[in-house]
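Inspection log for the structure reproduced underneath, given as C-alpha cells.
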Amino acid sequence: MTDGASSRGPIVALAGGVGAARFLRGLVRAAAPEDVTAIVNTGDDREFYGVWVAPDLDIVTYTLAGAVDLDKGYGLAGDTTTLVDRLGELGHESWFRLGDRDFANCLHRTLAMRDGATLAETAETLRQSYRLDVRVLPMSNAPCPTRVELSGGRSVHFEEYMVRDGAPSDVESVDLSAARAAAPAPGVLEAIRSARTLVVCPSNPVVSIGPILAVPGVRDAIAASDAPVVGVSPIVGGAPVKGPAAQLLRGIGCEVSARGVARLYAPWIDGFVIDQRDAGQVDEIEALGVACRAVDTLMVNVEVAKRLAQAVLDLAEQTRDERGR
Ligand code: GDP
C-alpha cells in the first residue's frame, strides 16, 4: 500500500487519453490504486479496419500497465504495424496507425461486443488482462462520436480531424450531441456519488472532459456531490503540452491559458492546480472562487506525476477543510 493510501479513497478521476494517463500513473502512486476509478472519454472511439477502437480507454489501460509506447503516448511499446501496412498496400485507407497487438485487443473488444458484451465489460477484461487494480470505466456504453465542425460547413469525426487531417485551426464548434443523447455506463454516476475526491485530469477540456460532462447525469452528480473537485491545467506556459487543445479551445471561444481553462471549469470545480510557469495567474483564478496552486505539472517522469497527484489530493483536502465537508 502507498503512503496516505487509506485516507484518500474513493477517488474518481475524469480522464481523456495521454495527459490523463500520465497523471493517473502518478495518482496510483500517491493513493491506493484500488481506491481510484477513472471515468474515461469515449468520444474519440470509432471503427477502424473492422474493429472498435477506444483510444482513451486503451491509452489509460496501457499506460497504467506500463505497456504503452512512451514516446508516442499511445499504442503498445514495441508493437509492429504489419496489418495496417498490408491494408495500405491493398489500397485501403491506413492513416490510423493501429499496431498489431493493439489491433488484437480491439478485435477482442469487437468479438466480445458482437457476442453481447458492453464496452465497459470489454474494458474490464482488458484491465484484468493487464492486472490493474484501478477501475477503468467508459463514460458510456453507447457510441458517442465527437464531431468537429470546420469552416465551410464541413463536419468530421474527431479522429479524422486529429489524425487524418492533422488538427487544422479552422474549428467553428464541437458537436457533442451523441454524448448528450447517451446513457452513462453502469457505475459511472454511482462512482461520482460515492467519491471522496473528484479529480479532473490534465486532459483536453473540449474533446476529452467536455464529452464526459455532456453525458446525462454526470454534471448533476458532480454538482450534488460533497466531494471536493480539483482539476489540473492541461495548458502549460500558455500552450498545450501536445495535441490540438489550442485550436479546439479557440474554436469554442476560450482563451488558451490556465486561466482560460479555469474560467471554463469554475462553475463546477473547487480547486485548480496550474503549472509553476503560469504562477502569475493564481490570483486571477482564485478571484473566480477556485482555490489555486502552482506546481511543476510537466510530467516528464513518474516522480513529477506523483508529486503533482499529491498536490491535487492536498488541495482537495484543504478545500474540504475550508468548506467543512
Ligand atoms: P488525448 O485524448 O490523448 O489528447 O489526451 P488528453 O485529453 O488526456 O490529453 C491531452 C492534454 O493533455 C493536452 O491538452 C496536453 O496539453 C495535456 N498534457 C499532456 N501531457 C501533460 C503534462 O505533462 N502536463 C500537463 N499539465 N498537461 C499535459
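The values are calculated or read from the model by the stated rules, or taken from the named source; none is laboratory data. Everything numeric in this text was worked out from a predicted model, so none of it was measured. Note: ideal-geometry Cβ built from the backbone for every residue, glycine included; neighbour counts use all protein chains shown.
Quick one: would you say Leu176 is within 22 Å of Ala120 (Cβ to Cβ) and either buried (at least 19 other Cβ atoms within 10 Å of the Cβ) or within 14 Å of the ligand (Cβ to nearest atom) (or both)?
Answer is yes for this residue.
Would you be able to tell me the number of residues in the range 230-240 that are near the ligand (Cβ under 6 Å from one of its atoms) and over 14 Å from the mean Cα position of the chain (by Cα)?
Result for the range 230-240: 2.
Is it true that some residue in the range 232-244 is farther than 19 Å from Ala15 by Cβ, at pLDDT 95 or above and polar (S, T, N, Q)?
No - not one qualifying residue is present in the range 232-244.
Is it the case that the range 135-156 has a residue that's of a type in the set (Lys, Arg) and in a strand (DSSP E or B)?
Checking the range 135-156: at least one residue is of a type in the set (Lys, Arg) and in a strand (DSSP E or B).
Does any residue of the range 17-30 turn out to be out of contact with any Leu (no Cβ under 6 Å at 6 or more places or on another chain) and closer than 21 Å to Asp165 by Cα?
The answer is yes; a qualifying residue exists.
For Ala316, which of the numbered conditions (1) within 14 Å of the ligand (Cβ to nearest atom); (2) under 25 Å from Asp35 (Cα atoms); (3) assigned to a helix (DSSP H, G or I) fails to hold?
(1)
For the range 268-316, how many residues meet the condition of being of a type in the set (D, E, K, R) and closer than 21 Å to Ile192 by Cβ?
Here the count works out to 1.
Would you tally the residues in the range 102-134 being surrounded by 15 or more Cβ atoms within 10 Å (Cβ to Cβ), hydroxyl-bearing (Ser, Thr, Tyr) and part of a helix (DSSP H, G or I)?
Looking only at that region, the number is 2.
I want to confirm something. Restricting to the range 241-261 and keeping residues that are part of a loop (DSSP other than H, G, I, E, B) and in contact with a strand residue (DSSP E or B) (Cβ under 7 Å, 6 or more places away or on another chain), which single residue is farthest from the ligand (Cβ to nearest atom)?
Among residues in the range 241-261 that are part of a loop (DSSP other than H, G, I, E, B) and in contact with a strand residue (DSSP E or B) (Cβ under 7 Å, 6 or more places away or on another chain), the one farthest from the ligand (Cβ to nearest atom) is Ile252.
Are any residues in the range 262-303 free of Cβ contacts under 8 Å to residues at least 24 places away in the same chain and either touching a helix residue (DSSP H, G or I) at 6+ places or on another chain (Cβ under 7 Å) or not in a helix (DSSP H, G or I) (or both), and if so, which ones?
Pro267, Ala287, Gly289, Arg293, Ala294, Val295, Asp296, Val300, Asn301
Would you mind stating whether Ala195 is more than 17 Å from the chain's Cα centre (by Cα), in a loop (DSSP other than H, G, I, E, B), closer than 30 Å to Cys292 by Cβ and not acidic (Asp, Glu)?
yes
Need pairs with beta-carbon distance below 6 Å; first residue free of Cβ contacts under 8 Å to residues at least 12 places away in the same chain and within the range 131-158, second surrounded by 22 or more Cβ atoms within 10 Å (Cβ to Cβ) and assigned to a strand (DSSP E or B); sequence gap 6+ or separate chains.
Val156/Val148
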